[in-house]
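Q: What follows is a single structure, and I will ask about it in a moment.
The values are calculated or read from the model by the stated rules, or taken from the named source; none is laboratory data. Everything quoted here is computed from the prediction, not taken from an experiment. Note that each Cβ is placed from the backbone with ideal geometry, even for glycine, and that neighbours are counted across all protein chains shown. Only protein heavy atoms, including side chains, enter the accessible area calculation; ligands, DNA and RNA are left aside. Shrake-Rupley method; radii C 1.70, N 1.55, O 1.52, S 1.80 Å.
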Amino acid sequence: MDDGAVVHFEGYRVHHNTSRGPAKGGVRFQRDATLAEVMALSAWMTIKTALVNVPFGGGKGAVRVDPSLLSPGELERLTRRYTSEIASFIGPLKDIPAPDVNTNPQIMAWMMDTYASREGALRTNVVTGKPLSLGGSPARADATGRGVFICARQMAERAKLDLKGARVAVQGFGNVGAGAARFLHESGARIVAIQDISGAVFNEDGLNPAEVLDHLRRGGSLRDYRPAEKLAKDAFWDVETDILIPAALEGQIDADVAKRVRTRFVVEGANGPTTPAGDDVFRARNIPVVPDVLANAGGVIVSYFEWATDSGSLLWDEEEIVMRLRRVLEDAFAAVWTLHERDRMDLRTAAYVLACQRILEARRLRGLFP
Ligand code: NAD
């Protein structure tokens, strides 16, 4: 620490499955992170990468620390120490970390640099989510929100819903929620309600996400945003919509909330926003749910592009990346939809079946050795 003290922080890096390629997944700095949670998150990554068919497995990492209590120097030394502890099992062909909760491009730059000094060679493809000047991708920042939007558009087509004028409610107005809202707004949808940690707002004519973001960046809180009606935080779930996007936290839609919701379909921006009991209610009510492993995969897809362009020393501009992101996600959506229609299974089950088939096939073809 800056005062010369030596402090012990516990950290983890988990490889869940590497049958289809190197482990891939973020690193979070979170005081209450647990090994069990990191293991679960790494399994989710295995499913996600297989579902969108990028050549990666699943991994995840965490350090039990509240980074807001560290000075910049302490944060850098913590990051470098963690990286050197896990250096023997990360690498461009082994395991490629990325940012997650409370980690960012600067932290990825330190991880890359620590790895380079150990290897005696700079490998920019050892992490993704790097700063642009170090091989980061120009489309990474809003990739997840864009992916949520692409999935919402695919689902709208199949539900014969015109996005123009469609009523949308978004829970969580951070990277994912605000991004998805912006793309939907640009397509003519009406963002009628937004909820974040501070409260909720409503506007029948639709809110402008860019203006809401401006208000937040100026230090305002969402519930005080005008022109919008203040809405009791919990009343957010009663707003009638065509598309509901939970993009805040896990476990937000339990059975009780799922019974109240009035929407044509749900697109999961967050990881695990619907509880299993909530899922059962949606299934019984015939409300389709585009599952998280598909809807929020835009980030890992663009991470794959970052790794691929770094590995091949290629220069792709934003237009190229967005075009490829769209293609990969639309293909994955179509494959899930085909299975859903053919075998009459809900979209989440179809997504898991498809992903597990790919993982098991890779394992069978590779065989067991030694
Ligand atoms: P973020 O920190 O940028 O934003 C989180 C938002 O949720 C904020 O608006 C916050 O006010 C709101 N929120 C927090 N607690 C809340 C509560 N109790 N009630 C209502 N709103 C609440 O986070 P993010 O990066 O947008 O991530 C959101 C979710 O998406 C998480 O589940 C994350 O794991 C998942 N996800 C993110 C990415 C990514 O690339 N950022 C990729 C895949 C999945």
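Q: 7 Å from Cα along Cα→Cβ at both E240 and L132: what's the point-to-point distance in nm?
A: 4.4 nm
Q: Between R327 and V6, how high is the FRET efficiency from 1/(1 + (r/R0)^6) when r is the Cβ-Cβ distance and R₀ = 45 Å? Nearest 0.05. Display every interim value, and only then the final one.
A: On the way: r = 50 Å, r/R0 = 1.11.
With R0 = 45 Å, the Cβ-Cβ based efficiency is 0.35.
Q: Of E240, E330, which has the most accessible area and how do the rest follow, probe 1.4 Å? Please report the intermediate quantities before stating the final value.
A: Working: E240 105, E330 45 Å².
Heavy-atom accessible area, descending, gives E240, E330.
Q: Going through the cross-link list K60/K164; K24/K160; K60/K130; K48/K164, which pairs have a Cα-Cα distance over 27 Å in this structure?
A: K60/K164; K24/K160; K48/K164
Q: Counting Lys and Arg as +1 and Asp and Glu as -1, each charge on the Cβ, what is the dipole of the stretch 11-134 about the Cα centre in debye, to the nearest 20?
A: 260 debye
Q: Run through all the Cα pairs of the stretch 100-180 and give the fraction in each 10 Å bin from 0, expressed as whole percent.
A: Calculated P(r), rounded to whole percents: 16, 34, 23, 17, 8, 2.
Q: Using square roots of five times the C-alpha gyration tensor eigenvalues, list the equivalent-ellipsoid semi-axes of the stretch 1-66 in whole Å, biggest first.
A: Details: eigenvalues 165, 22, 14 Å².
With the √(5λ) rule applied to the stretch 1-66, the semi-axes are 29, 11, 8 Å.
Q: Ok, one more. For every helix of n ≥ 4 consecutive DSSP H residues, a contribution of -39,500 (n - 2.57) applies; sum these over the chain, divide by its total residues, and give [θ] at 222 nm rounded to the nearest 500 deg cm²/dmol.
A: One gets -14000 deg cm²/dmol as the mean residue ellipticity at 222 nm.
Q: Given H placed on each backbone N at 1.01 Å, which residues far from K24 in sequence or on other chains put an amide H within less than 5 Å of it?
A: Under 5 Å from the amide H of K24 lie the amide H atoms of G57, G58, G59, I96, each far enough along the sequence or on another chain.
Q: Given labels modelled 7 Å from the Cα in the Cβ direction, how far is it in nm from E157 to I197?
A: Calculated label separation equals 3.7 nm.
Q: Moving on. Quick check: at a probe of 1.4 Å, how many percent of the accessible area of the chain sits on carbon and sulfur atoms?
A: Answer for the chain is 52 percent, counting heavy atoms of protein chains only.
Q: Tell me the label-point distance for the pair D113, L314, using the 7 Å Cα-to-Cβ offset, in nm and rounded to one decimal.
A: 2.9 nm
Q: Using the Cα atoms of the chain to build a convex hull, what is its mean projected area in square nanometres?
A: 19.7 nm²
Q: Something else now. At 1.4 Å probe size, with every protein chain present, just tell me what the per residue accessible area of the chain comes to in Å².
A: Details: 16750 Å² over 370 residues.
Accessible area per residue: 45 Å².
Q: Please work out the C-alpha center-to-center distance from the stretch 83-146 to the stretch 18-39 and express it in whole Å.
A: Computed from Cα coordinates, the inter-centre distance equals 14 Å.
Q: Label 7 Å along Cα→Cβ of I287; the stretch 255-279 residues with amide nitrogen under 11 Å?
A: Zone members listed by number: 255-267, 278-279.
Q: Output the peptides 143-150, 287-294, 57-64 sorted from most to least packed, where packing is the average of other Cβ atoms within 10 Å over each peptide's residues.
A: 143-150, 57-64, 287-294
Q: Where in the stretch 171-206 does the label zone of E229 land, with the point 7 angstrom along Cα→C-beta and an amide N cut-off under 11 Å?
A: Flagged as within label range: 202-205.
Q: Identify all aspartates and glutamates with a Cα-Cα distance to K233 below 20 Å; exclude those on the same chain that are fewer than 8 residues away in sequence.
A: D196, E204, D205, D224, D242, E250, D254, D256, E268
Q: Here's a follow-up. With charges only on Cβ, +1 for K and R and -1 for D and E, what is the dipole size of the chain about its Cα centre, in debye, rounded to 20?
A: 880 debye
Q: Could you tell me which of V302, V176, V7 has its Cα farthest along the dipole of the chain towards the positive end, charges placed at Cβ (Lys, Arg +1; Asp, Glu -1), taken about the Cα centre?
A: Positive-end residue among those listed: V302.
Q: A follow-up question, please. In angstroms, what radius of gyration and Dmax does the stretch 37-115 have, counting Cα atoms only?
A: For the stretch 37-115, the Cα radius of gyration and maximum Cα-Cα distance read 13.3, 40 Å.
Q: Regarding the stretch 143-295, what are the three Cα extents along the principal axes, ordered largest first, in Å?
A: On the principal axes, the stretch 143-295 reaches 41, 29, 26 Å in Cα extent.
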